[in-house]
Amino acid sequence: MISRLKGTDDILPPESHRWRRLLRAFDDLAQRYGYDLAVMPAIESTELFSRAVGETTDVVEKQMYTFEDRGGRSVTLRPEFTAGMVRAYIDSGAQGIVKLAAAGPQFRYEQPQKGRRRQFYQVDLEYLGEAAPGADAEVIEFSYRLLEMVGVDGIGLRLNSIGDASDRIAYRGLLQDYLRRHQSDLSEDSRRRIDSNPLRVLDSKADAEVVGDAPVPFDHLGAEAADHFSEVRSALDTLGIPFELDPRLVRGLDYYNRTVFEFYSSSFEAAQSSLGGGGRYDPLAELIGSRQAVPAVGVAMGCDRIVEAMAAVEVRRLNIYVVVADRDRTSDALRWVADLRGRGLKVDWDASTARSVKSQFKAANRSGADVVSIVGAEWSAGMVSMKVLGTGEESKVPVEEVEEWMKQR
Ligand code: AMP
């Protein structure tokens, strides 16, 4: 028997009930906030990620599923949505504001553990073409509401600003001086990054002690970035979204500027506890070679972890299970099932049409349906028997009144 690959999951019922709830809530909320659906390729040019996410990031250095396709091109299974969404915006010739929502799997070659998979799922929003702080506040508010809506307890939000690239020139030098002074106490990865990507050292868990006293970008914001950040905070206050300032939060990727944030939940305990995160990424479009500047902000929420932080979802799977009591009524029953489904009810039946009434009732009980609708002798008089499974109470109802009868229950 061939088994599934390490770090991948089969998400089946009952766990998948929570997934469905999450994906529906996301879709519903995205529409309410004016985000259109984007369905994105799972495979892109490797260069898209190495340029946007950054050559010296963990994702690009260690985690990408990269291979040569049969045409000799280097391709990569997407490790994230953002770079592809900006590429799509530019490819499509879009101008101005485009608000997009996407959901789907991402691939990162990681050491699997709780909350850390090789194929994992994200729901993602990108607010493209808007430089104003209101857009930052909106994607943050959206994420908070989504977590609230699916019943995640103890939602926490860490917020920071890492300023603009121009603010970082002076700051970068200060940080490098500090890190060089403490070189001998740093992990090998961090030592290597002093020259190539010193900011990345700030979120190295292995170096928490050294990093604790390092200078932070937040203390070196230029006037514009500082104003932007104070407007984001004030909008969140207005919206009643609680947050903690975390001057050490930088997030690993190269494309971010200004606002960065991360959500967590006190009910989800794992080494990897972040439920989602994002930020502003005005530089990204130029990193991938666009001449057009595309100011933008976005968020990616990790479905696998959100689902772990959600309470179990009880679902009544079916409204009606149709039982065929009279074999000669099989085609009537087939039409009846289709008719009920067409009216929006959740309906199932025994597709074999050959099992005994007793075994059809067994299946009805297993299905968790509210009511059994029995197609039998009374059908010729335009009636069906409706039997409530919980109470056993049974009544004969005219076929055309069944929908109303279900509503009245
Ligand atoms: P990132 O793009 O790394 O900021 O990830 C955004 C969110 O995706 C994180 O907050 C996690 O919830 C989720 N995530 C990232 N990597 C993984 C993974 N390997 N397994 C499960 N979830 C992940």
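Compute the Cα gyration tensor for region 246-322, then decide on rounded, prolate or oblate, letting a ≥ b ≥ c be the square roots of its eigenvalues: rounded whenever a/c is under 1.5, prolate when a/b is larger than b/c in the other cases, and oblate in all that remain. It comes out oblate by the Cα gyration axes. Each label was represented as a point 7 Å from its Cα along the Cα-to-Cβ direction; for E61 and A132 these points are 4.0 nm apart. Under a Gaussian network description of the chain, with springs only between Cα atoms under 10 Å, the residue in E126, E262, E286 that fluctuates furthest is E286. Note on A293 and R343: the extension gain reaches 13.1 nm, defined as 0.36 nm multiplied by sequence separation minus the Cα-Cα distance.
Quick one: length gained pulling E224 to A170 fully straight, 0.36 nm per residue minus the C-alpha distance? Difference between extended and current length: 17.8 nm. Of the residues F81, F107, the one with the fewest other Cβ atoms within 10 Å heads the list, and the complete ranking is F107, F81. For region 342-351, the Karplus equation 6.51 cos²θ - 1.76 cosθ + 1.60, evaluated at θ = phi - 60°, returns couplings of x, 7, x, 7, 8, 9, 9, 7, 8, 5 Hz by residue, with Gly and Pro reported as x. In the elastic network of the chain, a GNM with C-alpha springs shorter than 10 Å, the most mobile of D237, D246, D213 is D213. Where only DSSP H runs of four or more residues are counted, the chain gives -10500 deg cm²/dmol as its mean residue ellipticity at 222 nm, each run worth -39500 (n - 2.57). For the chain, the extents of the C-alpha atoms along the principal axes are 89, 53, 44 Å, listed from largest to smallest.
Is the shape of region 320-407 best called rounded, prolate or oblate, per the rule: a/c under 1.5 gives rounded, else a/b larger than b/c gives prolate, else oblate, with a ≥ b ≥ c the square roots of the Cα gyration tensor eigenvalues? Verdict is rounded for region 320-407. Normalising the Debye intensity of region 6-54 to I(0), with uniform scatterers on Cα atoms only, and taking log10 at q = 0.17, 0.28, 0.31 Å⁻¹ returns -0.86, -0.95, -1.03. The GNM of the chain, with springs linking C-alpha atoms under 10 angstrom apart, assigns the highest mean-square fluctuation among G276, G376, G115 to G376.
Here the label points at A206 and S352, each 7 Å from Cα along the C-beta direction, are separated by 5.8 nm in the simple model. Taking Cα pairs under 8 Å and at least six residues apart, what relative contact order does the chain come out at, in percent? Across the chain, relative contact order equals 16 percent.
Bridge orientation summary for region 320-407: considering DSSP beta bridges with both residues in this region, about 55 percent are antiparallel.
Quick note: the coordinates plus some simple rules give every number you see, no bench work behind them. Just so it is clear, the model here is predicted, and its values are computed rather than measured. Using ideal geometry, Cβ is built from the backbone for each residue, glycine included, and neighbour counts are taken over all protein chains shown.
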